[in-house]
Each structure stands twice: as structure tokens, then as C-alpha cells.
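Okay, structure first, notes after.
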Amino acid sequence: NAVIISGDRHIGTIAQEKIPGLGTLTEITASSFNRPAKFKETDPTYLGAMFPNENYGLLQVDWKTKKLKLELKDLENKVVNKVELSL
């Protein structure tokens, strides 16, 4: 299993895809702080809808429970999308 952290797309998304023989690939894309998207985008790998407004990503590792939490938050710190993964 692998996690990709990306940005500079002017949207926020969390995507996930199972790759046969390798495991699950999860990607969090967080951006933008200053130029929200003027388009809508869908993808079958997205967990939930894309978030077009200003956003940022937060990753939290809990070593005790062996969990990784990925969150997309808006500028008011509200969680707009999230996923929790086992390490």
C-alpha cells in the first residue's frame, strides 16, 4: 500500500485505487490557498466529491493504533473529506 501527497491542481480530492498484486494506492491532493477551481471534475477513484474551494490537507499518524488519517479542510478548518488507513 502507498500514499501519494500532491497539490497544485486548484482542487482538493482524495482518491483510492486497488492495484492487483500491489495493494491500495491512496492520493490526497490539497490546493489551492489562493485560486479556487472554476471547473467541476469527477473520477471513479475519488472518495467523495472534489472540493473546488480553497483548502489544505492534514495528515495525522497515530503510531499507537497504527492508523493514518488524511483530511481535506476548508479555510475555516472544517473537514470536507477524510479517510483513515491502517499502517
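Structural remarks
- Candidate set: the stretch 1-29, residues that are outside any strand (DSSP E or B) and under 16 Å from residue 85 (Cβ atoms); chosen: the one nearest to the chain's Cα centre (by Cα): 1
- The stretch 44-70 - residue that is over 18 Å from residue 2 (Cβ atoms) and of a type in the set (D, E, K, R) and, of those, modelled with the lowest pLDDT: 54
- Flag if residue 37 is of a type in the set (A, V, I, L, M) and outside any strand (DSSP E or B): yes
- Qualifying residues in the stretch 5-42 (those that are of a type in the set (D, E, K, R) and modelled with pLDDT of 95 or more) - the one nearest to residue 78 (Cα to Cα): 27
- The residue pairs whose first member lies in the stretch 12-28 and is free of Cβ contacts under 8 Å to residues at least 40 places away in the same chain, whose second member is among the aromatic types (Phe, Trp, Tyr), and whose beta carbons are closer than 7 Å, counting only pairs six or more residues apart or on different chains, are 15/46.
The values are calculated or read from the model by the stated rules, or taken from the named source; none is laboratory data. Note that this is a predicted model, so its numbers are computed, not measured. Cβ sites come from the backbone with ideal geometry, for glycine too, and all protein chains shown count toward neighbours.
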